[in-house]
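Beneath this line is the structure, given in structure tokens, with notes to follow.
The values are calculated or read from the model by the stated rules, or taken from the named source; none is laboratory data. In this text the structure is predicted, and so the values were computed from the model without any measurement. Positions of Cβ are backbone-derived with ideal geometry, glycine not excepted, and every protein chain shown enters the neighbour counts. These area figures cover heavy atoms from the full protein model, side chains too; ligands, DNA and RNA do not enter into them. Shrake-Rupley method; radii C 1.70, N 1.55, O 1.52, S 1.80 Å.
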Amino acid sequence: MANLELLRCVAMLMVVALHYLGKGHLLPELTDSSLGSMGMAAWLMESFCIVAVNVYMLISGYFLCTSSFKPSRLLQLWLQIWAYSLPFGLIGALTGVLREEVFDTHYLLTLLFPVTMGHYWFMTAYVFLYLLLPFVGAAVKKMSKQQLRLSLALLLAAFCIVKSVLPVRLEMDALGYDCLWYLCVFLAAAYVRRFGIPFLEKKGRGLMLYLGCCLLIFCGTFALREIYLRTGGLGSRIKMCLEYNHVLPFLAAIGLFGAFSRLRIQGRMAKIVNGVAPYTLGVYLLHENIGLRYSWQEWLGAGHLAEDMARGAGGPVGIGRLLGGTAVAVLAVFACGILVDMARKRIFDGLHSLALRAGFYRRLTEKIGKADALFREHAEP
């Protein structure tokens, strides 16, 4: 499905843009009385990209809900994470690139145990969600439309809708940086896969839902900012519309997913997209490595843009520089990440071929294959 693989690439580009803007200090504090036109443009980009993580999980859930749990996939995923965590984390520390982190025992443990130490928060949530797949996947396949709809509605009410309307911070609200929220997104994707959403079946509605919700995110954020500047209240809730588990980013992600699901990509373009998309996770694992995550923005010009913003530069020229600089940086990181993960995959394949000559490794792979078959045998056709 090249259309959804293209969406996977777009979502990863958005993720890189979010990290360039946020960690490149290009998002002025919303509590400041004056942001300038460049600051406004940066927050507008943030509002249109904030759907990225929800979209990525929607795509994963769309495919996972019909597949069986595979211990081999879990092992491959862990090895892929570890292949980025340890080497690049050490490179960042030993070359002096490391910023905003201390090279100590905790840092080394984070490199060695990236999932359980939260090196990559998204991967921690994803791995634990995948561990739940044998239970959740089986339940989703057996549930009726009414059962799944009601269950999803209750989960969204608890983890999305209530927090989206209350003007206070809920103690247990993880802002969407947890496995529970992505369980909700997974079930939403499963519902879409099994039963569809009639509203999104008409051409253009998905795109309109995405654009409309993103504009509401931007307008809602600045409305809360205005309330804060006038009254001093709601300071902790200014960014509530930009939280992953807020109803607006969730609906915007559903809309963008619906828009891409109607695309038809064929021929050479489909081949290119399907060839690139499997390596997008490597983009995330590279640029969000703890040893590099606060450094690459400066290498790609974020510092100069931040200086322009601090000097009050703006207008069409300033906004153009911000948009152009962000686009170049995002594309550069994406291309680099794809190439690095292609190299990583080739190395892994080569090591696997060599290791197969060893009897113990062949026996191990056979046992893992039997474990895969065990879950596959009990999966619904």
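Of all residues in region 177-198, those satisfying the criterion of being touching a residue at least 40 places away in the same chain (Cβ under 8 Å), surrounded by fewer than 19 Cβ atoms within 10 Å (Cβ to Cβ) and assigned to a helix (DSSP H, G or I) are C179, R193, R194, F195. Every condition in (1) farther than 23 Å from L183 by Cβ; (2) in contact with a helix residue (DSSP H, G or I) (Cβ under 8 Å, 6 or more places away or on another chain) holds for S261 except the one numbered (1).
Restricting the first member to region 274-300 and to residues that are in contact (Cβ under 8 Å) with a residue 12 or more places away in the chain and within 18 Å of A2 (Cβ to Cβ), and the second to residues that are among the hydroxyl-bearing types (S, T, Y) and in a helix (DSSP H, G or I), no beta-carbon pair is closer than 7 Å while six or more apart or on different chains.
Conditions (1) touching a strand residue (DSSP E or B) at 6+ places or on another chain (Cβ under 8 Å); (2) of a type in the set (G, A, S); (3) closer than 15 Å to S68 by Cα; (4) without any contact (Cβ under 8 Å) to a residue 24 or more places away in the chain, marked per residue:
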residue	(1), (2), (3), (4)
Y107	no, no, no, no
L112	no, no, no, no
G118	no, yes, no, yes
A125	no, yes, no, no
A139	no, yes, yes, yes
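The lone criterion from (1) farther than 30 Å from G291 by Cα; (2) open to solvent by 40 Å² or more (accessible area, probe 1.4 Å); (3) assigned to a helix (DSSP H, G or I); (4) not β-branched (V, I, T) left unmet by C160 is number (2). From the list V317, V330, the lone residue that is among the β-branched types (V, I, T) and exposed (fewer than 14 other Cβ atoms within 10 Å of the Cβ) is V317. Of note, L224 does not satisfy the criterion of being within 22 Å of the chain's Cα centre (by Cα) and either part of a helix (DSSP H, G or I) or of a type in the set (S, T, N, Q) (or both).
Answer yes or no as to whether I368 is surrounded by 13 or more Cβ atoms within 10 Å (Cβ to Cβ) and part of a helix (DSSP H, G or I). Answer is yes for this residue. Looking only at residues in region 143-170 that are among the polar types (S, T, N, Q) and touching a residue at least 12 places away in the same chain (Cβ under 8 Å), the one that is nearest to L224 (Cα to Cα) is S164. Among the residues of region 91-115, those that are assigned to a helix (DSSP H, G or I) and closer than 18 Å to V283 by Cα comprise I91, G92, L111. Counting only residues that are open to solvent by 90 Å² or more (accessible area, probe 1.4 Å) and in contact with a Ser or Thr (Cβ under 8 Å, 6 or more places away or on another chain), how many does region 88-103 have? Residues that pass the stated criteria total 1. Considering only region 260-301, state which residues are over 26 Å from M123 (Cα atoms) and open to solvent by less than 30 Å² (accessible area, probe 1.4 Å). Selection gives A270, G301. Is it fair to say T124 is assigned to a loop (DSSP other than H, G, I, E, B), of a type in the set (V, I, T) and either within 21 Å of G89 (Cβ to Cβ) or open to solvent by less than 20 Å² (accessible area, probe 1.4 Å) (or both)? Criteria not met by T124. Can you give me the number of residues within region 302-314 that are over 22 Å from E100 (Cα atoms), of a type in the set (A, V, I, L, M) and buried (at least 18 other Cβ atoms within 10 Å of the Cβ)? Within region 302-314, residues that are over 22 Å from E100 (Cα atoms), of a type in the set (A, V, I, L, M) and buried (at least 18 other Cβ atoms within 10 Å of the Cβ) number 1. Considering only residues that are of a type in the set (A, V, I, L, M, F, W, C), touching a helix residue (DSSP H, G or I) at 6+ places or on another chain (Cβ under 8 Å) and at negative phi, look in region 212-236 and name the one that is surrounded by the fewest Cβ atoms within 10 Å (Cβ to Cβ). Here the answer is L215. Residue check: is L44 outside any loop (DSSP other than H, G, I, E, B), at pLDDT 95 or above and crowded, with 20+ Cβ neighbours inside 10 Å? No.
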